[in-house]
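Below you will find the structure I want to go over with you.
Values in this text are rule-based calculations from the coordinates and carry no lab data. None of these values were measured; they are calculated from a predicted model. Virtual Cβ from ideal backbone geometry, glycine too; neighbours counted across all protein chains shown.
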Amino acid sequence: MGGIGLVPELHEINGQSGAIFRDFDGRVLAIMVLDVLEGRIQTIRTIVNPDKLEHLGPVADAWAMRDQMLEMRRRSTH
């Protein structure tokens, strides 16, 4: 996803459909969980708090990824 190296992995999370988003180095950036009822998405939950993600493995530095993305945008407009 995009040029900053965000890789989604589909997973079942707490019995619901979801995804773990990792950087290219495999570090966890976020998880997203879909609450689905009768085939329709009711709620989308996203967790980005590093303290709640660390049990999944090494956690990415979201601020560093943001800075990298902004720098890439800046370069592409000049």
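Mind checking the angle between helix 62-76 and the chain's longest principal axis? C-alpha axes, 0 to 90 degrees, to the nearest 10.
Helix 62-76 sits at roughly 50 degrees to that axis.
Normalising by the residue count of the chain, find the relative contact order in percent from Cα pairs under 8 Å and 6+ residues apart.
Reported relative contact order: 22 percent.
Can you work out the base-10 log of I(q)/I(0) for the chain at q = 0.15 1/Å, using the Debye formula on its C-alpha atoms alone?
-0.59
Using the charge dipole of segment 6-76 (Lys, Arg: +1 at Cβ; Asp, Glu: -1 at Cβ; taken about the Cα centre), state which of G26, A62, G15 has its Cα farthest towards the positive end.
The one lying farthest along the dipole's positive direction is A62.
Amide H of R22 versus every other amide H placed in the peptide plane: which residues, excluding those fewer than 5 positions away on the same chain, fall under 5 Å?
V7, E9, L29
Mind telling me which of I41, I20, I31 comes out most flexible in a GNM of the chain, alpha-carbon contacts under 10 Å?
Of I41, I20, I31, the Gaussian network model singles out I41 as fluctuating most.
Measuring from label point to label point, each 7 Å out along Cα→Cβ, what is the L6 to I47 span in nm?
Label-label distance for L6 and I47, simple model: 1.9 nm.
³J(HN,Hα) across segment 24-36 via Karplus (A = 6.51, B = -1.76, C = 1.60, θ = phi - 60°), whole Hz, x for Gly/Pro?
Working through the residues one at a time gives 5, 8, x, 7, 6, 9, 6, 10, 10, 10, 9, 8, 10 Hz.
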